[in-house]
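Please treat every number below as a calculation from the coordinates, not as lab data. Everything numeric in this text was worked out from a predicted model, so none of it was measured. Using ideal geometry, Cβ is built from the backbone for each residue, glycine included, and neighbour counts are taken over all protein chains shown.
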Amino acid sequence: MNSLEYEKVELPAIEQLQSLGWRYIDGRMLTDESDERDSMREVVLKNQLETSLKRINPWISDDNLRKVMRDIILPQAATLMEANQSIWEAMVQYQSVEQDLGKGRRGQTVKIIDFDNIENNEFICSNQFKVEGINQNIIPDIILFVNGLPLTVIECKSPYITNPMEAGINQLLRYANRRMPHEDEGAEKLFWYNQMMVSTHRDKARVGTISSRMEHYLEWKDAYPLKVDDSLSSQEVLISGLFNKKNFLDIIQNFTVFEPTDGKVIKKIARYQQFRAVHKTIERIKTGKTKKERGGVVWHTQGSGKSLTMVFLAVKMRRDAELKDYKLVFMTDRTQLDSQLTATFERVQGETVYRAKSVAHLKELLQKDSSDLITAMMQKLQEEDDFNFPELNASEKIVVLADEAHRTQYGALGVALNAALPKAAKIAFTGTPLIASQKTNNEFGSYIDTYTIEQAVADGATVQILYEGREARTKVTGDSLDKLFDAYFHDKTDDEKFAIKKKFGTLSAVLEAPQRIRWICIDILEHYREHIQPNGFKAMIVTSSRRAAVLYKQTLDELDGPQTEVIISGNHNDPEFFSKHTDSNKQKTVIEAFKKPLAESAISILVVKDMLLTGFDAPICQVMYLDRKLTEHNLLQAIARVNRTYAGKSRGFIVDYYGLSDYLTEALEMFSSEDIEGALKDLKDEIPKLKQMHTRVMGHFKGVDKADIDECILHLEDETRRQQFEIDFKKFAKEMDIIMPDAAAKPFLKDLVFLGKVNQGARNLYRDEQLDISGCGEKVRKLIDEHLRAVGVDVKIPPIDLLAANFKEKLQEHKSSRAKASEIENAIKHHINVNLEEDAEYYKKLSERLKAIVEQHKEHWDELVQLLLEFRDSIEINHKKEAEDIGLSQTEYAFHNILVSEVARVTGNESIDEATHDEVIQVTKDLVVMLDEATAIVDFFNKQNEISSVKKKIKRRVIETSFDDAELRKAVMDRFMELAKVKFGK
């Protein structure tokens, strides 16, 4: 156990959990010898579960108790996600059993968790809880149990290592067997029950679910409804907000969904702003005295999960005793949200959702006094233009929830609904802020909750959008349209020019001018191929008209651009020029293909006019090329198409050919400046950041001769310094990837290559796998790799092995004796780490001897090189000789060393006497023969009964010895079985 990790992160977390009412049990007490588990493969605390089920359901019979426990402990599921979903449904929707409680045999509800009476549950936190997987054991840092079920895993990392957050999440993925499932490197069973996975290093703590990728783990920044001190660490806020008992059970019950996405199920829990907004909304509905006071606006910037917030609100209301009988009316213009609401409710609540097919049908549904859930598509209803609504329902138990309420579609329908539902509370959900003049005077009321663009970027819920104007002979605003018209149509006669202007108008003619579009397409292809495509991302082009959209595609195809598709709306009388791009079925196929990685779908660019500018989620899209005028909400909605998070995506880009910069202030001036802060940052704003990152990373080599790469690499000998260098180098490299190949990056290219060389050299010398540039962007990686290859370094070839025949020859490539000594020292350390599990006690002693040699001879580099080479030559020879000297094979010797170590530890002696040693040798021989025979059984390590039988034999043999001890028996059983897996399980 890492002491810093334990003292700074794990222990404070356990202490805080205890202060919130979680009872602590040391996981080392919860072994296969405890009352809670029969084997280390079991993850449920059976006694806790049984006791809790009886306490919560005192009427339950023994037969039904056994049935419910069997269903929980052995769920019928083929995959991890299926098991997880079925257990969540059993917890939240309860189990049903047949039992006679005095009125005949009938279905009875069994509660696994008592959500109504929180203190009726058993909350336990534990650390060092070992679980046996198929191929290896796992020991998560902290596990949270409720009624014996392991509902949360918390992985703690020291705040002083490189990339602790990523390391923690990576470990969680390994534990859940989600990193490389085919290798069975985790213990999936533990995660059948999991509701939250947390990675923390104190200064940052993030939460995800079993289906979350690394970029989806996010902080919980608000402990709402608790007020917490601003000085608290990220870990303390997360624990206060997520793991106070009330919030924890609330999130499991009301803020968790399983959503089918692209053929697989994704598990999602609320983010802190969603949880807060739902609770604030419910509070307002309950406490507001007037219709307007009961309503309001939830503004959560686009990409931050607004649609899901609406779903969570509806779920929470249905479980609230005071609000469960309310009629809920969802007004939306997005098929996606309409479908999401319907699917979620029918799946989670078992409740029918009524879709208004027409205005007449909507009136009929509103008139009913039932507490149902209605969805109405604003666009569809608007087509009928029949908004003459009489009063239909005067009940106060109605809530209208409007999606994107500032849009024009809601206007006439909103007036009609006011007349139809005079006492209904109205809640608006918007992804863009209210215009300044409407903050206090609007249809719905004041803000209930806000989550701004800047907050979303800071949280990592969305990425920052960078703006770049590209004006070469193409810009429309700020230039004379007549001049541009003349430039593009100079080869036409005056009569032809007049006819063009009459048919299209000057602006449309300029925007659709084939010559202008060709110039822009050439520029787009250069930008896309240099900035976007290398990192595997895709693009959208937004045009002024359907005609321009088709012309863009034709031109990109002529220029041999990547695969491009047009998504535009169609009319019945469209000529083929348009109609071949308007088939809705084909469009659906194209859109789904566009969302996939380039390796799976070559569709790289979508060209649109109005379609897909709102409500379209394609996280792989990194850049939008704008060639039309957009203002106010339309502008904010459109640019948000590139703000979604995706692996390796640190920014989104808006590249402007229309001349947006000339009227950007005017386009957004209707909003309060604090509301749109950070909406668009100029690419030029990244240059100071790049300079700052460059200064910081180069500062690591102040006073070091940068011409001597060996000297620079040796300067990173201290692990803490090396880790800090790695953090700063990655930040600099990522910033370079954003700017490259812009000319602004040129002054820093030489140092980028130098730092890449140092980074690779340090990775090889110190065998430090964390020194990895794969996440720094493909442009940066390619540049550094090409340079390293040019100087004879192949990054794919690992550093030379300690025992390689040409090791001494390769050593001569280092110029100084100090560098040679460091190479040998780190090669020995690596060899020890790699072989540690083969004979832990032998290699631990080697590690101590190595440390002593280096400490005694530091600064005497020539002498140290000689001593280390002698040490290297003796490593494997000594192991064989020491084994032979006492009549053991090398395999037996590894088991012998464990037994010697454990006997010495239990007796408190540094060494053991000769008689005891002779006995140890004989016990070792007996047990190795037994283990060799036992493990020859096919698939032995997956057969729990066989493992238990062998453990008993080890125990019995130790009991027969003169050095028998209960603690010794346990240690020898566990360690011998672990080593047997290494020696005989391959």
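Under the simplified labelling scheme, the D913-T51 pair shows an inter-label distance of 4.6 nm, with each label point 7 Å from Cα along Cα→Cβ. Note on segment 3-255: the alpha carbon radius of gyration divided by the globular reference 2.2 N^0.38 Å gives 1.01. Listed by chain and number, the lysines whose C-alpha is less than 20 Å from the C-alpha of K734, apart from same-chain residues fewer than 8 away, are K538, K649, K681, K684, K689, K691, K746, K750, K757, K779, K782. For the pair L507 and D926, label points projected 7 Å from Cα toward Cβ lie 9.5 nm apart. Shown is the FRET efficiency for E719 and S86, computed with R0 = 41 Å from the Cβ-Cβ distance and rounded to the nearest 0.05: 0.35. Averaging Cα coordinates gives a centre for segment 492-561 and one for segment 579-647; these two points are 17 Å apart.
Once C-alpha pairs closer than 8 Å and six or more residues apart are averaged by separation and normalised to the residue number of segment 176-302, the relative contact order reads 17 percent.
Taking 7 Å steps out from each Cα toward its Cβ at D742 and R23 produces label points 5.9 nm apart.
Along its three principal directions, the equivalent ellipsoid of segment 554-624 from the Cα gyration tensor extends over semi-axes of 21, 16, 11 Å, largest first.
Could you give the angle, 0 to 90 degrees to the nearest 10, between helix 494-504's Cα long axis and the longest principal axis of the Cα atoms of the chain? With rounding to tens, the tilt is 70 degrees. Within the straight-line cut-off of under 18 Å between alpha carbons, the aspartates and glutamates reachable from K286 are D320, E322, D325, E396, D449, sequence neighbours fewer than 8 places apart in one chain being disregarded. Choose one of L20, Q195, N57: the residue whose Cα lies farthest towards the positive end of the charge dipole of segment 3-255 (beta-carbon charges +1 Lys, Arg; -1 Asp, Glu; about the Cα centre). Value computed over the given set: N57. Only one residue of H715, V131, A602 has its Cα farthest out toward the positive end of the dipole of the chain, where Lys and Arg carry +1 and Asp and Glu -1 on Cβ, and that residue is A602. Here, P(r) means the percent of Cα pairs in each 10 Å bin from 0 to the largest distance; for segment 907-957 it is 22, 40, 24, 14, 0. Computed over segment 807-885, the convex hull of the alpha-carbon atoms projects to a mean area of 5.3 nm². With respect to the chain, whose longest principal axis is taken over its alpha-carbon atoms, helix 719-739 is tilted by about 20°.
What's the center-to-center distance, using Cα atoms, between segment 826-880 and segment 274-301 in Å? Using only Cα atoms to place each centre, the spacing works out to 66 Å.
For segment 176-246, the normalised intensity computed at q = 0.20, 0.22, 0.25 Å⁻¹ comes to -0.86, -0.97, -1.11 (log10 of I(q)/I(0), Debye sum over alpha carbons, equal scatterers, no solvent). For the listed peptides 807-815, 571-579, 185-193, 51-59, a ranking on the average number of other beta carbons within 10 Å per residue, highest first, reads 185-193, 51-59, 807-815, 571-579. Helices in the chain, meaning DSSP H runs of at least 4 residues, each add -39500 (n - 2.57). Divided by all residues, the mean residue ellipticity at 222 nm is -14000 deg cm²/dmol.
Sorting the Cα pairs of the chain by distance into bins of 10 Å, from 0 upward, gives 2, 9, 16, 19, 19, 15, 10, 6, 3, 1, 0, 0 percent per bin. Relative contact order of the chain: 7 percent, from C-alpha pairs under 8 Å at least 6 residues apart in sequence.
Packing here is the average count of other Cβ atoms within 10 Å per residue, and on that basis the peptides 878-888, 522-532, highest first, run 522-532, 878-888. The slack between D574 and K103, meaning 0.36 nm per residue of separation minus the straight C-alpha distance, is 162.6 nm. Between the beta carbons of A499 and L598, assuming R0 = 56 Å, the FRET efficiency works out to 0.80 to the nearest 0.05. Can you list the lysines whose alpha carbon is less than 16 Å from that of K808, not counting same-chain residues fewer than 8 positions off? Excluding near neighbours in sequence, the set is K820.
For segment 1-60, the Kirkwood hydrodynamic radius from C-alpha pairs, put into Stokes-Einstein at 10 °C and a viscosity of 1.306 mPa s, yields a diffusion coefficient of 115 µm² per second. Over segment 3-255, Cα pairs under 8 Å with separation of 6+ residues give a relative contact order of 20 percent. Roughly what angle does helix 272-287 make with the longest principal axis of the chain, taking Cα atoms, 0 to 90 degrees, to the nearest 10? Once rounded, the angle reads 60 degrees.
Spatial offset of segment 50-77 relative to segment 942-974 amounts to 33 Å, using the alpha carbon center of each.
For the pair T695 and A647, a Förster radius of 22 Å applied to the C-beta separation gives a FRET efficiency near 0.15, rounded to the nearest 0.05. Dividing the C-alpha radius of gyration of segment 923-986 by 2.2 N^0.38 Å, with N its residue count, gives 1.06. Separation of the alpha carbons by more than 24 angstrom is noted, of K267/K397; K67/K268; K189/K981; K280/K327; K8/K829, for K267/K397; K67/K268; K8/K829. In the frame of its principal axes, segment 687-790 has Cα extents of 35, 27, 23 Å, reported largest first.
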